[in-house]
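Take a look at the structure set out below.
The values are calculated or read from the model by the stated rules, or taken from the named source; none is laboratory data. All of these numbers come straight from a predicted model, not from anything done at the bench. FYI the Cβ positions are ideal-geometry reconstructions off the backbone, even for glycines, and counts take in every protein chain you see.
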Amino acid sequence: MRRIAVNLAGCVLLANFWITSQAQAQAAAADPAPVASAHVETQPSRLDLICFGGGSANKVTVTNGYGYGTSSGTFQGSNGSFGTYSGSGSASATVYGQRSQGFEDQVSLFIEGDQGRVRMPRTMLPPIHGGDDGWFKLKNVKFKDNEISASVAVNVMNNPKLRVDRYTGAISISGKAGDYAGRCEKADPQQAKRQF
């Protein structure tokens, strides 16, 4: 009898637990608890920017030099003999250097997902470069709360760093070919109106 009472008490406890759980679940469904809102950084599906600014480009300089001359005279040898000489000679040299060339230009860029392209200032492009009609691929595109950063695939040896401040619109491109700084504005190619 005692065993039946204990089992019966266990069933009553189990039934009470199940009823309480069901009631709590229904109450929660009817009145959900407030959920703290979290700011999640979303990246736009496509971002188009037009930037105006300037910078300085590193340009190669080539200087060629040429010289010639003639000479004549007499000499006395170590054994006491005398003689005369005459001759002419020439020399040439090519000297390579670098100079900085200032410029102002517009930069356009678009980013879609983790890919994008940028139209670099022509003055900053080395003689041997890739690209497609002036547009270069962006590599390692990173969206942060305060900035967008990437590398520009100009050629195998030259991958300038690009940075856009998302609050001020400031852009900077810095690499072997030179530096560029400017301000960007968001552009919508679908809504753009011609100026004239």
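Listed conditions (1) without any contact (Cβ under 8 Å) to a residue 12 or more places away in the chain; (2) buried (at least 17 other Cβ atoms within 10 Å of the Cβ) are all met by Lys193, apart from (2). Leu125 falls short of the stated requirement of being among the aliphatic types (A, V, I, L, M), in contact with a strand residue (DSSP E or B) (Cβ under 9 Å, 6 or more places away or on another chain) and closer than 22 Å to Glu112 by Cβ. Out of all the residues in region 37-60, is one or more in contact with a strand residue (DSSP E or B) (Cβ under 9 Å, 6 or more places away or on another chain), modelled with pLDDT of 75 or more and more than 30 Å from Phe143 (Cα to Cα)? There is at least one residue in region 37-60 that is in contact with a strand residue (DSSP E or B) (Cβ under 9 Å, 6 or more places away or on another chain), modelled with pLDDT of 75 or more and more than 30 Å from Phe143 (Cα to Cα). Where strands (runs of 3 or more DSSP E) fall entirely within region 102-192, those with at least 2 residues that are within 15 Å of Ala57 (Cβ to Cβ) and at pLDDT 90 or above are at 170-175, 178-187.
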